[in-house]
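S.K.: The following block contains the structure, expressed as structure tokens.
Where a number appears in this text, it was derived from the coordinates with a stated rule and is not lab data. Everything quoted here is computed from the prediction, not taken from an experiment. We place every Cβ from the backbone using ideal geometry, glycine too, and count neighbours over all the protein chains shown.
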Amino acid sequence: MDTVDQQSLFGPNPHEPLAKPPGGPPERMRVLITVKAAPNPSETYGETVCVAGIRIDREPHQWIRLYPINFRELESNRKFRKYDIVSLQARPAAADPRAESYRPLIDTVRTEARLSTWQKRKPFVIDHVQLSMCEVLAAVRDDPAARSLAAIRPRVVKDLLIRPHPGWDAAEQAKIDNYVRQGDLLSTGPRTALEAPRFKGWYEYLCQSPVCKGHRQGIYDWEWVALQRNLRGRSDADTRAELRRKFFDEMCGPEYDTIFYVGNQAKHQQGFMVLGVFYPKR
């Protein structure tokens, strides 16, 4: 079996201060998409997805967050998948203090290529693996403008917790209802409401820090929701079992080099979530 890859000496320096341009015209960029987060209710867009990836048109490569995107309303020629390389224009998100955050111009999105195997993806991702989640959290505590996206290789994934989703709260449901009504008023065709998934999930793990006391982080991965949607006709017990098989037994199994893509929230910058999993075989 392959040995676990170490961080490249030529990768980006995780301690280098980040800077985001103050504004101005949109920038043209090329991005390897690594993250499609689970959709969330939005009054303006109905549902929005946070997309993240590695900007590869600059050296060193760097993380970038693209928000908002409503995937269900994207034109077919604008749709893209994880591990597609896309070109687009985007401008710095003025209302978001995180340096990696940009607002995409959706009508400029073009898919250029797809990295179809783990081996093709590895050279891009491995360079961005940081030493530990504890280190990332400490940096944000010291400076709220520190890195808000990272790739973390856990030392051990202790468990996957699965709990029933309580459904959208009153504020979230109001956003969805208002968006659906707008479709009727504007005669843009019927709009369907975003359904809450049946289950929420959390990873419990130890990072590479020798003094790590453990992390519990919620799963906000598009694939987590998509799998539940595909299992719509199955029982809750079957759905739980399949979620555990895929997201714990497979993605975090001993034969895989498990790496978590993590990101925080603009209003809660110490609240990191697991946005996706990179899991090539060792």
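S.K.: Give or take rounding to whole Å, what are the principal axis extents of the alpha carbon atoms in the range 143-282, in descending order?
M.R.: Answer, in whole Å and largest first: 57, 43, 25 Å.
S.K.: Taking neighbour counts of Cβ atoms within 10 Å as a proxy for exposure, in what order, fewest first, do Tyr203, Tyr83 appear?
M.R.: Tyr83, Tyr203
S.K.: Go through 95-103, 167-175 and give me the packing order, highest mean Cβ count within 10 Å leading.
M.R.: Output ranking for 95-103, 167-175: 95-103, 167-175.
S.K.: Follow-up question, since we're still on this one. Rounded to the nearest 500 deg cm²/dmol, what is the calculated helix-only ellipticity per residue at 222 nm for the chain, with -39500 (n - 2.57) per DSSP H run of length n ≥ 4?
M.R.: -6000 deg cm²/dmol
S.K.: Please report the projected area of the range 30-188's Cα convex hull averaged over all directions, in nm².
M.R.: Hull-based average projected area comes out at 12.2 nm².
S.K.: Can you compute 3J(HN,Hα) from phi for each residue in the range 199-204, using the Karplus curve 6.51 cos²θ - 1.76 cosθ + 1.60 with θ = phi - 60°, rounded to whole Hz and x for Gly and Pro?
M.R.: With coefficients 6.51, -1.76 and 1.60, one gets 10, 9, x, 9, 8, 10 Hz.
S.K.: Oh, and also: For Lys122, which aspartates and glutamates qualify as cross-link partners when the Cα separation must be under 15 Å and same-chain residues fewer than eight apart are set aside?
M.R.: Here the aspartates and glutamates satisfying the reach criterion relative to Lys122 are Asp2, Asp5, Asp84, Asp257.
S.K.: Sort His215, His165, His268 so the one with the fewest other Cβ atoms within 10 Å of its own Cβ comes first.
M.R.: Ascending Cβ contact count within 10 Å gives the list His268, His165, His215.
S.K.: So for the chain, Kirkwood radius off the Cα pairs, Stokes-Einstein at 37 °C and 0.692 mPa s: how many µm² s⁻¹?
M.R.: Translational D for this selection: 165 µm²/s.
S.K.: What translational diffusion coefficient, to the nearest whole µm²/s, does the range 200-281 have by Stokes-Einstein, given a Kirkwood radius computed over alpha-carbon pairs, a temperature of 4 °C and 1.567 mPa s viscosity?
M.R.: In µm²/s, the coefficient is 93.
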